[in-house]
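The values are calculated or read from the model by the stated rules, or taken from the named source; none is laboratory data. Not measured: the values here are computed from a predicted model. Neighbour counts are summed over all protein chains in view; Cβ atoms, including those assigned to glycine, are modelled from backbone coordinates with ideal geometry. Ligands, DNA and RNA are excluded from the accessible area calculation, which covers all protein heavy atoms including side chains. Shrake-Rupley method; radii C 1.70, N 1.55, O 1.52, S 1.80 Å.
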Amino acid sequence: MARKSGAASGNSLSAQRKRAAFWFLVPMLSALIFVAAWPLLRTIYFSFTDTSLTSLYDGRWIGFDNYLSYRELSSGRVIWKGTLVDPAWWNAVWNTVRFTFISVAFETVLGLMVALVLHQNFKGRGWVRAAILIPWAIPTIVSARMWGWMLNDQFGIINDMLLSVGLIDRKIAWTATADTAMYAVLAVDIWKTTPFMALLCLAGLQMIPRDIYEAAKVDGVHPIKVFWKVTLPLIRPALMVAIIFRSLDALRIFDLVYVLTPNSQATKTMSVIARENLFDFDKFAYGSAQSTLLFALIAIFVSAYIWLGKVDLGGNADR
Amino acid sequence: MKKHLQNVGFWCVVALIVIVSVFPFYYAVITSFKTGTSLFEVDYFITSFDLANYAQVMENKKFLRSIFNSVLIAGATVGFAMFLAVTASYALARVHFRGRSLLLMSILAVSMFPQIAVLAGLFELIRFLGIYNTPWAMILSYTIFTLPFTVWVLTTFMRDLPIEIEEAAIIDGATPWNIITQVFLPLMWPALVTTGLLAFIGAWNEFLFALTFTASEEQRTVPVAIALLSGSTEFETPWGALMAASVIVTVPLIILVLIFQQKIVSGLTAGGVKG
């Protein structure tokens with residue numbers, strides 16, 4: 001639509017615009033190839049070699065050995081090796097998937113509830129919205145340390161609160177105990193990210209025309225029915241986009257886990273274990289293989305989600 | 001009566017939302033004012049007002065240096081990304097060419113990359129360029145998320161500018177470059193400020209790259225300094241100083257976010273990308 005004047009003044013103008021567009025895009029695309037595409041390809045390449053951290057250029061091609069290999073002993077026993085049979089890796093995969101599923105589910109429900117509250121007209125609404133932006137504005141590392149202090153086993157305020165209302169009968173080392181470490185990580189992540197979900201949901205809610213609600217009110221439809229039959233279907237597209245962005249973010253989580261629950265098997269995620277192998281354990285190629293697997297998992301997830309949900313991530317890109 | 005009860009319930013929910021959102025920060029502020037043994041007593045309200053922790057943090061040269069590093073790195077990253085993104089987003093928003101939406105999707109895909117997937121390759125690149133343990137390592141690596149984000153949000157903004165303005169400029173013989181610099185940029189200041197601010201916050205908060213590409217304490221950024229801040233032994237975390245440092249680096253962000261809250265909300269929802 002609406003390129004009439006451009007077309008009217010002939011093809012040369014259109015060609016000139018396309019040429020300009022090309023030169024406008026080249027610097028940006030070169031920068032992205034340099035910092036994103038090339039390093040990604042190198043990571044994938046490293047995963048097929050035996051490169052070590054100290055000699056980055058001496059790696060030899062070893063095929064899929066970092067992923068899976070087997071050796072038959074003279075006794076006839078077969079030994080499998082590689083990431084795909086590494087229990088520590090599968091533990092990290094399970095932690096990541098569990099974390100992603102639970103945190104995104106809670107953030108979606110709570111975010112939607114907060115958005116519904118903020119969608120009401122009440123005095124001081126601006127202040128409430130300002131307040132919920134605070135968790136979002138605090139850097140993740142800082143919130144990890146703040147919550148680390150609140151969840152401290154000896155002097156933490158959370159234990160104090162729960163003891164005084166009688167929910168627990170002794171102090172709990174939330175971040176250090178294997179049973180509770182994941183709950184701690186989930187709580188902080190949900191606290192920090194629900195505002196983001198709420199704002200996206202609120203934007204979706206504000207696009208619904210008011211007269212739909214008025215019509216429902218005139219017809220005497222129960223508010224809960226209105227929510228399920230009108231509100232939810234109408235904000236579904238906005239909600240889907242928010243959920244996919246959040247899931248992708250949750251699948252790659254690193255900083256919160258690394259700082260809040262250091263070295264805990266119960267929370268170690270795929271990003272954490274991959275970085276550990278890359279830089280702490282001098283298993284550079286092995287860590288590269290794990291990074292590549294995480295990348296592949298996210299790529300599959302995105303394709304499946306777009307394909308199944310028919311999500312229009314590009315918005316009206318082709319207008 | 002029923003109406004009244006509903007009202008009370010509603011205000012309880014509102015109060016709960018506000019308290020849960022604000023309390024951890026409030027508690028950090030309270031803790032930062034406490035020293036000595038009073039640190040280890042749980043208080044729900046301010047009991048002392050001792051600035052010793054703040055004095056200790058502000059006297060720590062290494063921490064001040066990391067604030068300087070963070071400002072420099074985030075500022076340079078955002079400046080660089082904006083410089084490339086303004087022209088690129090004009091091309092993506094205003095010029096029709098084949099493969100445009102595929103290109104947009106690829107750019108969006110880059111911003112959703114798991115950062116760990118490029119970590120090994122970036123490490124090699126940074127070593128090769130000889131910029132390991134310098135601010136350049138972060139300026140280079142942060143481009144991977146600031147650039148796609150700025151391009152994506154600015155494209156959304158530019159698409160919404162009225163076509164008539166551009167047509168008038170074309171009839172006057174303006175080249176695309178003139179259109180960007182003389183027609184669009186003056187209209188886009190609010191969008192540029194919002195996008196820049198969100199990208200700045202993203203770069204300011206980044207942890208994985210900063211942790212991996214720095215080795216000495218002088219080169220650390222704020223998140224790395226705070227994450228690795230510890231006492232003489234593992235069991236002596238200096239909680240008072242840690243909370244003071246946390247408050248110092250968070251207050252400017254909170255003020256910025258509150259000032260620009262209207263714009264940030266629209267920027268976030270336009271981009272649909274976490275900043």
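Worth pointing out:
- Relative compactness, region A:90-218, computed as alpha-carbon Rg over 2.2 N^0.38 Å: 1.31
- Förster radius 56 Å - calculated FRET efficiency between residue B:133 and residue A:212 (Cβ-Cβ, nearest 0.05): 0.45
- Two-site FRET efficiency, residue B:71 against residue B:38, from Cβ-Cβ distance with R₀ of 35 Å, rounded to 0.05: 0.55
- Residues losing 30 Å² or more accessible surface upon assembly, region B:190-214, compared with the chain by itself, 1.4 Å: B:205, B:207, B:208, B:211, B:212
- Solvent-accessible area of residue A:109 with every protein chain in place, 1.4 Å probe, in Å² to the nearest 10: 90
- Descending semi-axes in Å of the protein assembly as shown, equivalent ellipsoid built from Cα gyration tensor: 38, 35, 26
- With contacts taken as Cα pairs under 8 Å and at least 6 residues apart, region B:185-267 reaches a relative contact order of 33 percent.
- Spacing of the modelled spin labels on residue B:26 and residue A:56, each 7 Å from Cα toward Cβ, amounts to 4.9 nm.
- Longest stretch of chain B clear of exposed loop sites (GluC sites (Glu not before Pro), DSSP loop, at most 13 other Cβ atoms within 10 Å, sites excluded): B:42-233.
- Counting Cβ atoms of other protein chains within 10 Å of each Cβ in B:86-96 and taking the mean gives 6.
- Across A:17, A:145, A:236, mean-square fluctuation computed from a Gaussian network of chain A (C-alpha pairs under 10 Å connected) peaks at A:17.
- Loop-resident trypsin sites (Lys or Arg not before Pro) (DSSP state other than H, G, I, E or B) in region A:64-94 with no more than 15 further Cβ atoms inside 10 Å of their Cβ: A:77.
- Residue-normalised accessible area of chain A, expressed per residue, 1.4 Å probe, Å²: 50
- Extension gain for residue A:90 to residue A:72 (0.36 nm times residue separation, less C-alpha to C-alpha distance): 4.1 nm.
- Solvent-accessible area, 1.4 Å probe, carbon plus sulfur percent, for the protein assembly as shown: 66
- Over region A:199-319, volume per residue of the alpha carbon convex hull, in Å³: 161
- Measuring nothing but how far apart in sequence close Cα pairs (under 8 Å, 6+ apart) lie, relative to its length, chain A scores a relative contact order of 24 percent.
- Per-residue 3J(HN,Hα) values for region B:33-48, derived from phi via the Karplus relation 6.51 cos²θ - 1.76 cosθ + 1.60 with θ = phi - 60°, read 8, 9, 10, x, 6, 5, 4, 9, 9, 7, 10, 9, 10, 5, 10, 9 Hz in sequence order (x marks Gly and Pro).
- With all protein chains in place and ligands, DNA and RNA left out, the 1.4 Å accessible area ranks B:32, B:101, A:164 as A:164, B:101, B:32, largest first.
- In region A:142-293, lysine pairs with alpha-carbon atoms under 23 angstrom apart (chain gap of 8 or more, or interchain): 4
- Shape of chain A, Cα gyration tensor, a/c cut at 1.5: oblate
- Qualifying chymotrypsin sites (Phe, Trp or Tyr not before Pro) for region A:37-126 [loop in DSSP, other Cβ within 10 Å: at most 13]: A:57, A:122
- Candidates B:216, B:21, B:141, ranked by Gaussian network fluctuation over chain B, Cα under 10 Å, top entry: B:21
- Buried on complex formation within region A:35-83 (loss of at least 30 square angstrom of accessible surface versus the isolated chain, 1.4 Å probe, ligands and nucleic acids ignored): A:35, A:36, A:39, A:40, A:43, A:56, A:57.
- Shown here: region B:160-210, whose C-alpha atoms stretch 49, 17, 14 Å along the first, second and third principal axes, sorted largest to smallest.
- Nearby lysines by direct alpha-carbon distance to residue A:18 (threshold 30 angstrom, same-chain neighbours under 8 apart not counted): A:4
- Placing R0 at 41 angstrom, the Cβ-Cβ distance between residue B:6 and residue B:230 gives a FRET efficiency of 0.25 after rounding to 0.05.
- Label-to-label distance for residue A:308 and residue A:163 is 4.5 nm, based on points extended 7 Å past Cα in the beta-carbon direction.
- Take the accessible area of B alone and of A alone, subtract that of the pair with a 1.4 Å probe, and the total buried over both chains is about 9000 Å².
- Computed over chain B, the per-residue total of -39500 (n - 2.57) for DSSP H runs of n ≥ 4 gives a 222 nm mean residue ellipticity of -23500 deg cm²/dmol, rounded to 500.
- Residues considered: A:146, A:207, A:113. Largest GNM mean-square fluctuation over chain A, using C-alpha springs under 10 Å, is found at A:207.
- Helical content alone sets the calculated 222 nm signal of chain A at -20500 deg cm²/dmol, taking -39,500 (n - 2.57) per DSSP H segment of four or more residues and averaging over every residue.
- Across chain B, the convex hull enclosing all Cα atoms gives 203 Å³ per residue.
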